[in-house]
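Rule-based calculations on the coordinates, nothing more; no lab input. Just so it is clear, the structure is predicted and the values come from calculations on it, not from any experiment. With ideal geometry, Cβ positions are generated from the backbone for all residues, glycine too; neighbour counts draw on all protein chains shown.
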Amino acid sequence: MSEAKKLFIKTYGCQMNVYDSERMAETLGGSGYETVETADQADMILLNTCHIREKAAEKIYSELGRFKGLKAAKPDLKIGVAGCVAQAEGEEIMKRQPMVDLVVGPQSYHRLPEMEAKVTEGKKALDTDFPEEDKFEHMPNRPKASRGPTAFLTVQEGCDKFCAFCVVPYTRGAEVSRPVERILTEARDLVERGVKEITLLGQNVNAYHGLGKDGPMTLDQLIWALNDVDGLERIRFTTSHPNDMTDALIAAHGECEKLMPYLHLPVQSGSDYILKRMNRNHTAEEYIHLIERIRAARPDILLSGDFIVGFPEESDADFEDTMSLVREVNYGQAYSFKYSSRPGTPAAERALVDAAVADERLQRLQALLSEQQYAVQDSMVGREVSVLFEREGRLEGQMVGKSEYLHAVHVTAPNTARGDIRKVRIVNTERNSLGGELI
Ligand code: 5AD
Ligand code: SF4
């Protein structure tokens, strides 16, 4: 038997890219590849790129530059660019970096084996189509090998919201939901291989409307269907848009046992004017009212969000509105970014906020969000949580896992294994994790 060819994939950006990279590795497994941890061992290097913020394309070009030596030493080394930068830049990548052999957009990953074969013949391969078929249906089933206790599962891709700052509707295309039965099959298969927790992924996951037996099903209905999968213990989903938080989905947070009490619900800004200019289609007050309804359904839910500061035209008063909204909501966790202009989006045409002003705002917002994160962590001390152990810790007998609130928890638990779920009392908090004791 010939020796396996070596594939190195470097993943940038979101959890969907993490999922896609796994699936690409499995697909190329069929062409004789096994994955390796470093680029210098590889016969093929794939960069799975992200285009959402800051000079993404420039970073990829400089990363590619670093492979020059490898390519010189091993001329038949194949170099490919996948993901959203591939979609956005297309052929331009091969023009600027001729050593790139393959450029593949996110909707064409099922065509990778043919593309790889073409490159083996010494040709270039480019595919940035938005094909009709569901790429995952045309990718091989995930191998039966056992795996860690948590997994991502993409249920929906693309977005029709067109927020004025965002490239996703252009790079990932229009919103498409995968059919329910395929998702359930993939979920059962993951559970057979040891998975206890599944995070459903989608750029606008709560707009999910995949085909079920009797017509389209909504995200809450999909969650209820997954709730019946034996052996699956925990369900999460991300990322949601406030305008797609239906009553039924809110109710599921109170009623569905396996749905974890954690919700990532980006608002981006607390200013009605900026929200309007961002094309978010809701006000700050509507968001706060929504949060109240979610907390009424599930009082202990931990809320997370995304924020953009320095969006074009953002005044001091607009920014203060964001700070007020954050104070009112009280997040357990959040991501905040300085606005970066994305070519082709409506906001890219508008005048930028002074960079120093935007930096200062970002610092103030991040200080407030960290304060809230630590206060929520402190409030966990003394409480009983359940922890799904994911890996061994650095100390003897220590295990690390996640609570239902997605806090990382370190526990001395010598007689437990990966995949065990145990009751734990939180005894202390560190910067980005909690410490607990088995009950
Ligand atoms: N500039 C800054 N942040 C952005 N995001 C998306 N596009 C931009 C941009 N052009 C942020 C949003 C989104 C998260 C995934 O990334 O907050 O929710
Ligand atoms: Fe981008 Fe999310 Fe807005 Fe869709 S809802 S355009 S993915 S920020």
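Pulled fully out, how much extra length does the chain show between Asp247 and Asp272, if you take 0.36 nm times their separation in residues and subtract their Cα-Cα distance?
6.7 nm
Relative contact order for the range 269-414: what percent, with Cα pairs under 8 Å and sequence separation of 6 or more?
Relative contact order comes out at 19 percent.
Among Thr11, Phe152, Ile288, whose Cα lies farthest out toward the positive end of the dipole of the chain, if unit charges sit on the beta carbon of Lys, Arg (+1) and Asp, Glu (-1)?
Most positive-ward Cα: Thr11.
Would you please give the FRET efficiency between Ala174 and Ala348, computed as 1/(1 + (r/R0)^6) with r the Cβ-Cβ distance and R0 = 22 Å, to the nearest 0.05?
Given R0 = 22 Å and the Cβ-Cβ separation, E is 0.60.
May I ask you to compute the full-extension gain from Val229 to Leu211, defined as 0.36 nm times their residue separation minus their alpha-carbon distance, rounded to one decimal in nm?
4.6 nm
Pop out the ³J(HN,Hα) list for the range 94-103 in order, Karplus 6.51 cos²θ - 1.76 cosθ + 1.60 with θ = phi - 60°, rounded to Hz; leave Gly and Pro as x.
Calculated HN-Hα couplings, in order: 6, 5, 7, 10, x, 6, 6, 9, 9, 10 Hz.
What is the fewest-to-most order of Ser336, Ser433 by other Cβ atoms lying within 10 Å of their Cβ?
Ser433, Ser336
What is the percent of Cα-Cα separations in the range 50-104 that go past 20 Å?
19
So which lysines can Lys74 reach, going by Cα to Cα under 23 Å and dropping same-chain residues fewer than 8 places off?
Cross-link targets: Lys5, Lys6, Lys10, Lys95, Lys118, Lys123, Lys124.
Under the rule a/c < 1.5 gives rounded, and otherwise a/b versus b/c splits prolate from oblate, where does the range 1-88 land using the Cα gyration tensor?
oblate
Lysines within cross-link reach of Lys196: Cα-Cα under 23 Å, excluding same-chain residues under 8 positions apart?
Lys144, Lys258, Lys402, Lys423
Would the range 9-51 count as rounded, prolate or oblate if I go by the C-alpha gyration tensor, calling it rounded below 1.5 in a/c and otherwise prolate when a/b exceeds b/c, oblate otherwise?
Verdict is oblate for the range 9-51.
With labels modelled as points extended 7 Å from the Cα through the Cβ direction, what inter-label distance (nm, one decimal) is found for Glu292 paired with Leu406?
2.5
Charges at C-beta only: +1 for Lys and Arg, -1 for Asp and Glu. How large is the resulting dipole of the range 254-402 about its Cα centre, in Debye rounded to 20?
In debye, rounded to 20, the range 254-402 gives about 400.
Starting from the Kirkwood radius over alpha-carbon pairs of the chain, derive D by Stokes-Einstein at 37 °C in a medium of 0.692 mPa s and give it in µm² s⁻¹.
This corresponds to a translational diffusion coefficient of 141 µm²/s.
Would you work out the charge dipole size for the range 326-425 about its Cα centre, treating the Cβ of every Lys and Arg as +1 and the Cβ of every Asp and Glu as -1, and quote it to the nearest 20 debye?
I would put it at about 160 debye.
Give the relative contact order (percent, whole number) for the range 145-288; include only Cα pairs under 8 Å separated by 6+ residues.
23
With just the Cα atoms defining each centre, how far is the range 125-140 from the range 143-186? Give it in Å.
So the separation of the two Cα centres works out to 13 Å.
Highest first, please rank the peptides 393-404, 113-124 by the mean number of other Cβ atoms sitting within 10 Å of their residues.
393-404, 113-124
With the convex hull built on the Cα atoms of the range 150-281, state its orientation-averaged projected area in nm².
8.3
Once you keep just the Cα pairs under 8 angstrom separated by 6 or more residues, what percentage relative contact order results for the chain?
10
Counting only DSSP beta bridges with both residues in the chain, tell me the antiparallel percent, nearest 5.
35
Quick one: grab the alpha carbon gyration tensor of the range 293-439, order the square roots of its eigenvalues as a ≥ b ≥ c, and give me rounded if a/c is under 1.5, else prolate or oblate depending on whether a/b is larger than b/c.
Prolate, since a/c reaches 1.5 and a/b exceeds b/c.
Taking the Cα centre of the chain as origin and charging only Cβ (+1 Lys, Arg; -1 Asp, Glu), how large is the dipole, in debye to the nearest 20?
My answer is approximately 1060 debye.
Which log10 I(q)/I(0) values does the range 50-163 give at q = 0.16, 0.18, 0.21, 0.24 Å⁻¹ under the Debye formula, counting every alpha carbon as one identical point scatterer?
Here the Debye-derived log intensity ratios amount to -0.90, -1.06, -1.24, -1.35.
How do the peptides 423-431, 14-22 rank, highest first, by the average count of neighbouring beta carbon atoms within 10 Å per residue?
14-22, 423-431
How do 234-243, 259-268 rank on mean C-beta neighbours within 10 Å, highest first?
Answer by packing, highest mean first, reads 259-268, 234-243.
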